[in-house]
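Shown next, in structure tokens, is the structure this report addresses.
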Amino acid sequence: MNLNDEPLFPLLIPTNKQQSEFIGFIQVLGKQYPIEIKLSNGGSNINSEITTTLFIEDLEFNCTKELYDILYPHVQVIKNRFVQCKNIQQFFFELKDIIDRISINTGTSSTTSTTTPINKTITLPFDTFSLISNEIDEIGWNKVVNIDKSLSSFEIMLLDIKEREFIVEFNIPIGYPTQFPFVKCDLPISSTELITKLRSINTSTMESSLFNNNSGGSSLEINNNNSISISNIIKKIQIMIDYEYQEFFNFMEEIDSNSWVLEPLNPRKSSIFRRIAIGNGCSICFEVNPNQPRVAPFKVDFIGPTSKTQSLHQLWNRKYSAQQWFERCSPVDNFQKMLELSFPLKSIDDTLIEEIIIQCSICYAHHLPQPILEQQQKDMNNNNNNNNGDNSIKSMTSLPNVTCNNIKCSKQFHYHCISEWLFSLPTTVIGSSTINGACPYCSSKMTIEKMFNK
């Protein structure tokens, strides 16, 4: 490759003819950082944003504190690469390679700000490779369900007390064990929250607490140190599965076994959302608190004709206020008693969804296409972040969830379809929190919640 084919850092420009000094910006982890690079230790007027200096023999690298913290763990690698370079362009080529590797290890592209891990194989140092191999030996290779030949990414299966399967995904950075690996597991918390939790958990404190609360004891041994290791991470996650979220998994399993779950179609263990059929063309949506699953759901909504759901809302609110939800009862029994209904069950002969849910009267489908649903939820999440997290639970459904209030019409629509229709009409009135327009079938006034901005 010719190093002069294209600039590796297009926003970094030389400030002298000798091209021994450069100033500008470089992109690291999707963000542009101001920097100043010199091949001598002479003084200069440094940009006020540039606050920290990395001295690498004859190379002076001035950058912000944030970029300094990112690069500092790799300073020895930068130094080794620099001393082998014949000119500054070669160094830029090596620096770009290091930045790209940092991006891969942290799961962030160097050209985008996304935080989604990149599925790309990296080559681990020999010592790290050996360490990972030894740790998997300790855990047991029989628990490994998928592994990359470089050992930089692999999946380990765990079983909970009731033999439910959980896959733990690992992506190992080059800096392991100094750097924390990327870890993902099907728990009712985000990957970021999981890693934060794993970092903060004190294993010896957890061990003591769990044994005090479980007189039967446990065969799980935990090191009395909080060092970063695959085995320690696995043990911490196993405890979270068996103790912290076990009641949540049991609770959701009770719901799935004793009701007709309309959404999600194939619930993940991490899903706190359910939409179940309650009869008469209606369904109930709710979210469960994974930390207190037995308490009454904190988000409940009804979907169906307003003539039917209005009375259900009133009945639920009245009995909820009267604290008629009993934590010792099964969740489905609680719902049925509070709503004074007997919920339908999906029959063995695989009753068609048409018998419970009417198709959308605009797109003539039951489920929104997955790309549209994902984009809708992304838009709503962005709006959610700007509105203190107050968003409708209906945003999580892919089935029709809006009904015309005209009893003679009662057409049902996907929120996406009806909102697109209403936005296209010049007569539609768009408020700060509602959208008001005409039903595409009967022209009656429809008012729907404004879940995101167009």
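Here's the yes/no breakdown for (1) within 33 Å of the chain's Cα centre (by Cα); (2) assigned to a loop (DSSP other than H, G, I, E, B); (3) modelled with pLDDT of 75 or more:
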{"position": "N4", "(1), (2), (3)": "no, yes, no"}
{"position": "F9", "(1), (2), (3)": "yes, yes, yes"}
{"position": "F22", "(1), (2), (3)": "no, no, yes"}
{"position": "Q27", "(1), (2), (3)": "yes, no, yes"}
{"position": "Y33", "(1), (2), (3)": "yes, no, yes"}
{"position": "E36", "(1), (2), (3)": "no, no, yes"}
{"position": "N47", "(1), (2), (3)": "no, yes, no"}
{"position": "F55", "(1), (2), (3)": "no, no, no"}
For the list (1) closer than 20 Å to E340 by Cα; (2) crowded, with 18+ Cβ neighbours inside 10 Å; (3) touching a residue at least 40 places away in the same chain (Cβ under 8 Å), I need the number of the one condition that A296 fails.
(3)
Selected residue [basic (K, R) and assigned by TED's automatic domain parsing to the domain that holds K162] from K269, K236:
K236
Those residues of the stretch 411-454 which are of a type outside the set (V, I, T), outside any loop (DSSP other than H, G, I, E, B) and more than 23 Å from S307 (Cβ to Cβ) amount to H416, E420, F423, S424
Give the residue, chosen from K86, K79, that is surrounded by 14 or more Cβ atoms within 10 Å (Cβ to Cβ), among the charged types (D, E, K, R), at pLDDT below 80 and more than 13 Å from L29 (Cα to Cα).
K79
In the stretch 317-332, anything in a helix (DSSP H, G or I), within 32 Å of the chain's Cα centre (by Cα) and not hydroxyl-bearing (S, T, Y) is listed as N317, P331, V332
Looking at the structure I just gave you, is P73 in a helix (DSSP H, G or I) and at pLDDT 75 or above?
yes
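The values are calculated or read from the model by the stated rules, or taken from the named source; none is laboratory data. Owing to the predicted nature of the structure, the values given are computational and were not obtained by experimental measurement. So basically every Cβ, Gly included, is an ideal-geometry build from the backbone, and we count neighbours across all protein chains shown.
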